[in-house]
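For reference, the structure is listed below as structure tokens.
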Amino acid sequence: MVDVLTIEHLYVEVEGKEILKDINLEVKSNEIHAIMGPNGAGKSSLAQAIMGHPRYKITKGDVKINGESILGLSTDKRAQKGLFISLQYPIGLQGITLFTLVRASLTALKYKPTDPSQKPNLPLPQIRKDLEFYLKKLGLDDSFINRYVNEGFSGGEKKKSEIVQMAMIKPKFAILDETDSGLDIDGIKIVASAIMDISRRETGLILITHYNRLLQFIRPDYVHILMDGRIVETGPAELADLLEQKGYDWFKKGL
Amino acid sequence: MSLNFDSNILKEISYYTSEPSWLREERYRAWEIYNKLPIEISPLYVKHHDITKVNLEQARFELKTELNKSEEIDALLDQISSLPFISLKDGEVYKINIPQPLKEKGLEIHSIRDLLNDEDNAKKLLSLKSLKPEEDKFQAFNDAFFSSGFYISVPSGLILKLPLRIINFQSEEGRIKAIKNFINVGADSRITILEENYSLKEDLKQSLYSLNLNLNLGEAAEVEYILINDFNKQTNYFVNRRAACNKDARITWVILNFGTLTTRAKTDNAMNEQGVISNMNEIVVGDAQQVFDLTTYLSHNAPFTKGVSMTKGVLKDESRALFKGLIIIEENAKNADAYLAEHAMILNRGARADSIPGLEIKNNEVRATHSASVAQVDEEQIFYLMSRGLSEDEAKKFLTIAFFQPLIDQIPAELIKEEIANLIENKLENKKRSIKEKFIITEELKEVKTVSPEKLFETHYKYRK
């Protein structure tokens, strides 16, 4: 079954300032969308607003999954509906290992016992095996399983660890916020191929990016250009190439 | 803190313990000191103390002649009959158990009342007392009013892998009790002490449990002292401890503060000779109206001593914590190495914590570092965890345990390590558990080891591989 994430006429405010205006987007779980735009255009705000970060106030419009509004849901409930976000700046979690986090996450998302007095029945050995598999796929060694999440990780390692979590959770929709930043060209290749293997056109991808680099390895079905809080253009993958050649300024003048 | 009794009670206690007259004189002296001293002597802490919740107007001082048996306690103690233990009920010695093989090795546990009635024994016992009335108001209180306690003597060279247990049960409300304990650990011994404080029921009237612990470590002795403090929330627990350490001795504390209304604790690590290592680990989980006023001293009185003190607390509701740590490095304590950390996390408005680290350094060739913080739960961390499917409450609980995790990870106490996170979680969730569920069951005593002098070099930590 194909799931659909719809964003309808969305307006978002932060501290009284309107930063997203009339955003419309439809993403199917077998599609890849890219959202590109200059710094400060509102790309990360859109990602966090969809996920329900309390800082972002939605003043108008709606976000729906399969026709049902999710705006009334807290962030964890949105995750349970199948949304995932890979943060631009993943925060350090001292004291929480990757294994502990993944275990808690899977408990909440996939193995929640119907009777709360019962213990969740997690296949822990399999989870550990899967973790090892995906860590390897992303070029991280096993020791990351027992390291505190994002503590002492390099920028690239943080982004890779986010993709490992996505692989474990297997969401319906993943918003990947500047996953390519902090990665060198080899890193981008590894991460891009891992993202493709993991999503397998079963997870709808929203790739938020500044540059075209990632999109050379993951060709999107649609490219949306976000400027000053609005989607100003939507086109095929070639739009990203054009933007790369000409730059945002040129694009702005043409509008 | 107002008391509804006066110095007349001193005479009664003295008759009750049948102690020598000089000890009675000491009590009067201590009572005078108690009345003169302010709650805090140190200028560092004059403004930082809190015993405001203590209300003893309905509490009474009582000297018991006989102790009622409790089936509940007996059933618990039956489970650890193969371990050495001493159990106290309402501050009175209830049961002492020394397995035969340990008795043969020379392990001794006595009620101090069996020693105080003899002139020589009383003298010997009091010679082990390192806590002086002049140092602290509530040490003076304890010196004036103590009527019970225990003396444990661990012979030299005894290695005990399983814990020596101390279990304090409280069954009566509205009581004032002063207990004085002595533990003397012989040279080259290695032991773990596990102390647990439980109340048999919830009370309505407040109590005062005053405790002084004089712990002496012989040369190269190693002691791991674990305390789980889970008295009910009408108990005021005033404790002073001193670990007086001789050459190359090593003291490790793991103190878990969950219960009581007010805990006022002062722990002094007196590193009196060179090579001593002391390691203090303290955890606080406070809720409701609880107050934790905790002071740790790292007293470097000799060269080449190493002291570490780490306190971490999480406070919710209207609970309050004061973390006071003081590194004292004396003039002769060249190459001393001290580290002090006090960190608190506040879970909601209304809860409060203060970290007050202090340094008194009289020698330049030393290393002393400290860190302190009071913070709230990070909203971005909560968002991150919620985006992974955890509810807000789960995320908070998760972050709280994570806050303690680095400390738990480095605690050497294998015996309790696995259990600490569970204990913290239970307290956070305010889980009501019976004492039977809380009581820690450890393995049975299988063998008793002692070190022969030839083997000392191999087992001493400096030469261990």
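The values are calculated or read from the model by the stated rules, or taken from the named source; none is laboratory data. Quantities reported herein were computed from a predicted structural model and do not represent experimental measurements. Quick reminder, even Gly has a Cβ in these numbers, built from the backbone with ideal geometry, and neighbours come from all protein chains shown. Only protein heavy atoms, including side chains, enter the accessible area calculation; ligands, DNA and RNA are left aside. Shrake-Rupley method; radii C 1.70, N 1.55, O 1.52, S 1.80 Å.
Values for this structure:
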{"read-out": "Which listed residue is more than 25 Å from B:R433 (Cβ to Cβ), hydroxyl-bearing (S, T, Y) and touching a Gly at 6+ places or on another chain (Cβ under 8 Å), from B:S189, B:S210, B:S199", "value": "B:S189"}
{"read-out": "Failed criterion for A:P38 (all others in (1) assigned to a strand (DSSP E or B); (2) open to solvent by 10 Å² or more (accessible area, probe 1.4 Å) hold)", "value": "(1)"}
{"read-out": "Residue under evaluation B:Y339, criteria (1) open to solvent by 60 Å² or more (accessible area, probe 1.4 Å); (2) modelled with pLDDT under 95; (3) in contact with a strand residue (DSSP E or B) (Cβ under 8 Å, 6 or more places away or on another chain), criterion not met", "value": "(2)"}
{"read-out": "Flag for A:I58 being open to solvent by 30 Å² or more (accessible area, probe 1.4 Å) and of a type in the set (V, I, T)", "value": "yes"}
{"read-out": "Some residue of region B:321-330 being buried (at least 21 other Cβ atoms within 10 Å of the Cβ), under 18 Å from B:I401 (Cα atoms) and among the basic types (K, R)", "value": "no"}
{"read-out": "Qualifying residue in region B:277-287 (condition: under 22 Å from B:E135 (Cα atoms), in contact with a strand residue (DSSP E or B) (Cβ under 9 Å, 6 or more places away or on another chain) and surrounded by 23 or more Cβ atoms within 10 Å (Cβ to Cβ))", "value": "yes"}
{"read-out": "Extreme residue, farthest from the other protein chains (Cβ to nearest Cβ), among residues of region A:84-131 that are of a type in the set (A, V, I, L, M) and in a loop (DSSP other than H, G, I, E, B)", "value": "A:L122"}
{"read-out": "The lone exception for A:K159 - which of (1) touching a helix residue (DSSP H, G or I) at 6+ places or on another chain (Cβ under 8 Å); (2) among the charged types (D, E, K, R); (3) within 19 Å of A:I96 (Cα to Cα); (4) surrounded by fewer than 21 Cβ atoms within 10 Å (Cβ to Cβ) it fails", "value": "(4)"}
{"read-out": "All positions within region B:250-264 that are in a strand (DSSP E or B) and of a type outside the set (V, I, T)", "value": "B:R250, B:W253, B:L256, B:N257, B:R264"}
{"read-out": "Cβ pairs under 7 Å, 6+ apart, first in region B:51-63 and among the charged types (D, E, K, R), second assigned to a loop (DSSP other than H, G, I, E, B)", "value": "B:K53/B:L261; B:K53/B:Q289; B:E57/B:S2; B:E57/B:N4; B:R60/B:G174"}
{"read-out": "Residue in region B:262-269 that is under 11 Å from the mean Cα position of the chain (by Cα), open to solvent by 10 Å² or more (accessible area, probe 1.4 Å) and modelled with pLDDT of 95 or more present", "value": "yes"}
{"read-out": "A:I145 vs. criteria away from chain B (no Cβ under 14 Å), assigned to a strand (DSSP E or B) and open to solvent by less than 50 Å² (accessible area, probe 1.4 Å)", "value": "no"}
{"read-out": "B:N232 being within 23 Å of B:I159 (Cα to Cα) and either modelled with pLDDT under 95 or surrounded by fewer than 24 Cβ atoms within 10 Å (Cβ to Cβ) (or both)", "value": "no"}
{"read-out": "Residue in region B:37-49 that is polar (S, T, N, Q) and either more than 20 Å from B:N142 (Cβ to Cβ) or touching a Leu at 6+ places or on another chain (Cβ under 9 Å) (or both) present", "value": "yes"}
{"read-out": "Candidate set from region A:105-138 (those that are modelled with pLDDT under 95 and among the small types (G, A, S)); member that is surrounded by the most Cβ atoms within 10 Å (Cβ to Cβ)", "value": "A:A108"}
{"read-out": "Test: residue in region A:66-80 that is in contact with a strand residue (DSSP E or B) (Cβ under 7 Å, 6 or more places away or on another chain) and of a type in the set (K, R)", "value": "no"}
{"read-out": "Output for region A:65-82, where each listed residue is in contact (Cβ under 8 Å) with a residue 60 or more places away in the chain and more than 8 Å from chain B (Cβ to nearest Cβ)", "value": "A:I65, A:N66, A:G67, A:K81, A:G82"}
{"read-out": "Qualifying residue in region B:369-388 (condition: among the hydroxyl-bearing types (S, T, Y), open to solvent by less than 60 Å² (accessible area, probe 1.4 Å), out of contact with any strand residue (DSSP E or B) (no Cβ under 8 Å at 6 or more places or on another chain) and at pLDDT 95 or above)", "value": "yes"}
{"read-out": "Per-region count, region A:172-202, residues open to solvent by less than 10 Å² (accessible area, probe 1.4 Å) and not hydroxyl-bearing (S, T, Y)", "value": "12"}
{"read-out": "Whichever residue in region B:408-445 is touching a Gly at 6+ places or on another chain (Cβ under 9 Å) and within 14 Å of another protein chain (Cβ to nearest Cβ) and, among such residues, is least open to solvent (accessible area, probe 1.4 Å)", "value": "B:I408"}
{"read-out": "B:Q290 being farther than 18 Å from B:V239 by Cβ and either under 20 Å from the mean Cα position of the chain (by Cα) or free of Cβ contacts under 8 Å to residues at least 60 places away in the same chain (or both)", "value": "no"}
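Residue-wise test of (1) closer than 30 Å to B:D268 by Cα; (2) out of contact with any His (no Cβ under 7 Å at 6 or more places or on another chain); (3) small (G, A, S).
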site: B:G358; (1), (2), (3): yes, yes, yes
site: B:N364; (1), (2), (3): yes, yes, no
site: B:S373; (1), (2), (3): yes, no, yes
site: B:Q376; (1), (2), (3): yes, yes, no
